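A short write-up of the structure that comes next.
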Amino acid sequence: MSAPILRIAIPSPLRRLFDYLPPPQMSAPAIPGQRYLLPFGRSTTVGILVDVASESALAMEKLRPALRQLDAEPVFDPALLGLLRWCSDYYHHPPGEVFAAALPVLLRQDRPATVNGILRWQASEAGRQQELATLARAPKQQALLRQLQQHGPLDASQLNQALDGWRAPMKRLLELGLVLEESSPCLPAYSGPRDRPPALNPAQQAAVDAILASQGEYAALLLEGVTGSGKTEVYLHGIAALLTAGRQVLVLVPEIGLTPQLFQRFAERFDCPIALLHSGLNDQERLCAWSMARSGEAGIVIGTRSAIFTPLPRLGLIIVDEEHDASFKQQEGFRYSGRDLAVVRARRENLPVVLGSATPSLESLANQQCERYQWLQLPERAGGASAPALRLLDVRSQRMDEGLSAPLQSAMRHHLSQGGQVLLFLNRRGFAPTLLCHECGWVSHCQRCDAHLTYYARSTRMRCHHCGSEQRVPAQCPDCGSPDLRPLGQGTERLEQALQRDFAEFGIVRIDRDSTRRKGAMDGILEGIHDNQHRILVGTQMLAKGHHFPNVSLVGIIDADQGLFSQDFRASERMAQLIVQVAGRAGRAERPGEVLIQTHAPDHPLLRRLVEQDYRAFAEAALAERHEAAMPPYSHLALLRAEAVALHQPMDFLQEVAGLARALGIPGVHILGPVPALMERRAGRYRAQLLFQAEQRAPLHQLLQQLMSQLETLKSARKTRWSLDVDPVELY
Ligand code: ADP
Ligand code: ZN
Ligand code: ZN
């Protein structure tokens, strides 16, 4: 019998598997999901065995043997392997890149897949006393010991960043007794107090019952309830039952900011190891958490979108919290939706999946309306507090003082005098979106993008929010030399400064990506808010996420119009979600909240529905609009983006692709474009896009399937950087 052929996924832009012969020695039979070390071109790479075949399309003598089998136990079980293959097909993305994205970074290298703890090293007593000068003749040891003397225990990832080739000197320092090695457990330990679960209200009980009734079979459940209605408590009860039944639970959350709080709440409730997987981990910690999930030791895994690829041998339930959040979508490389894959994985593995939100995405609402998803509703706030009242402030022809209307200012004074806190939401950071010459009309433009430079008053700099380039504010207009340069428009920094004039005594704090960049800054800000030192909170959408501000009694939405008049068909959905989410931060406890929304379009039908009725009513009207326009969820989209340094290349390339696509003649798919991107130039590259739209998925995927294989061979494809985005969330 001839040797089996190993069909392997290798990180490469090619949309296919690669055939290899088995390595000279195999410690275990070839099982799909194992990693192999492979010769690839002139170097080596790590690939995943996807299939074992009996023959290859290539001639036998062309096949090279793998160098080594890296795992006896597959790193991906058959279910996960199937999901990844499905992803590669559905997103039309190269399988090797899909598999690589699903693996912790360290396992894309020649390293063992099992870890028992995180090794850390620190200077011993003798090592701390050691004069560094005595090691002058061993400079590597000297540098390493200096690191360890200056910084506490360090792990391998930290040492990799600090020093090259530290392992040999470490060995020597260990022998000399100058360094201590310790192994700490993989998962964060919690030894604080445990809480007791509250008795559920009837709506919560019904939700938990529905989840548990679906154990062991596929079901998608949309859990809808305003902030504070007790969704998390429903998750916790569901999880408790699953853990008792010996199953694991996967909880997906939007952003790293949310994980610590959620972890605390889970840790207080459950006496089982909890693995956290988010972008704040270093490679070693990530591998550790991943392997605890894979071994089954971790009962609960909480993670951001990529955690959907975690191996979980006893998985019994998936929860997606804040399912509407755009951060579940990966926006570069392998562009998957963690939320959508949660549903796919649940279906493939026969489990229930719970999608929770106060403001469900229109996609999920449409799925619920056609009964693909069960609807679980939590109508009231669990603690009995009433929902905040939304009110529109018509600011047309009102005198605005730095973006604040008189009615908003007097409402602020009223709430502050009653002891409440005020939250002002403005989704634009910086001082002003642009700088304008009052003399000649010059405006600050980014040299590399078709975009304005945002003006930052405090640092007197201008920064591009699209490519990150930065420059000093000129003293005079570069065109006419006038010194009369004025900030145009308003950002959070400007609002904060304006408030300092009349409201300084109340303590003003700004919360945006600029003010929270420094590690630990957010914690400091949150503390100041909870201690009532800051009574006016100014911020961007960061305010809408996760944090609870129990003393906030007034929310002001500075500018609702941004979301109403945008090119992006999802803009109004996002604005409504933001308003409701921000509003949900207020009036949490016994204080009833008030929400004032400044707008120039008080008659806008969607806005009125939101304010006079609720998010559901808004969503129904917005869905009707989508239906009319044949936009998702009533159609399916795929967007092919291209960019290049030369102006014409992306358009030329996409013209050619559009021609090929039309020639395929697949009915039911509209081919729209190509057109230059809304911001045509970004970071020095010209960008264009081609949109595919279809009412049914099948013809769309049939077209993409055929098109992608042709694309790889196009000459013009090599001159442009291109990517396909299936189910894009952003069209521009
Ligand atoms: P959500 O996740 O929808 O924002 P939570 O589950 O966090 O809501 O609940 C909001 C608050 O109400 C929390 O402090 C929680 O402990 C409390 N809570 C939730 N359910 C109950 C209940 N059945 N009885 C008493 N308190 C509850
Ligand atoms: Zn000028
Ligand atoms: Zn730029």
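Here are a few things to note about the model shown:
- A 1.4 Å probe run over the protein chains yields, for the stretch 1-160, 50 Å² of accessible area per residue, whole-number rounding.
- Here is how the number arises for the chain: DSSP H runs of 4 or more residues each give -39500 (n - 2.57), the sum is divided by the residue count, and the result at 222 nm is -9500 deg cm²/dmol.
- Rounded accessible area per residue of the stretch 636-726, 1.4 Å, Å²: 47 Å²
- Distance violations [Cα-Cα > 21 Å] among 231/545; 329/545; 140/519: 140/519
- Hydrodynamic estimate: the Kirkwood radius of the chain over Cα pairs, inserted into Stokes-Einstein at 4 °C and 1.567 mPa s, corresponds to D of 45 µm²/s.
- The length gained by stretching the chain between residue 713 and residue 132 to full extension, at 0.36 nm per residue less their Cα-Cα distance, is 203.2 nm.
- Normalised per residue, the accessible area of the stretch 202-383 is 32 Å², obtained with a 1.4 Å probe and no contribution from ligands, DNA or RNA.
- Counting protein heavy atoms only, the chain has 49 percent of its accessible area on carbon and sulfur, 1.4 angstrom probe.
- Listed by chain and number, the aspartates and glutamates placed with their C-alpha closer than 14 angstrom to that of residue 715 are 652, 656; residues fewer than eight positions away on the same chain are left out.
- Here the stretch 118-184 yields Rg over Rh of 0.92, to two decimals, using C-alpha coordinates and the Kirkwood radius.
The values are calculated or read from the model by the stated rules, or taken from the named source; none is laboratory data. Computed from a predicted model, the values in this text were never measured in an experiment. Each accessible area value is taken on the protein alone, full model and side chains, heavy atoms only, with ligands, DNA and RNA left out. Shrake-Rupley method; radii C 1.70, N 1.55, O 1.52, S 1.80 Å.
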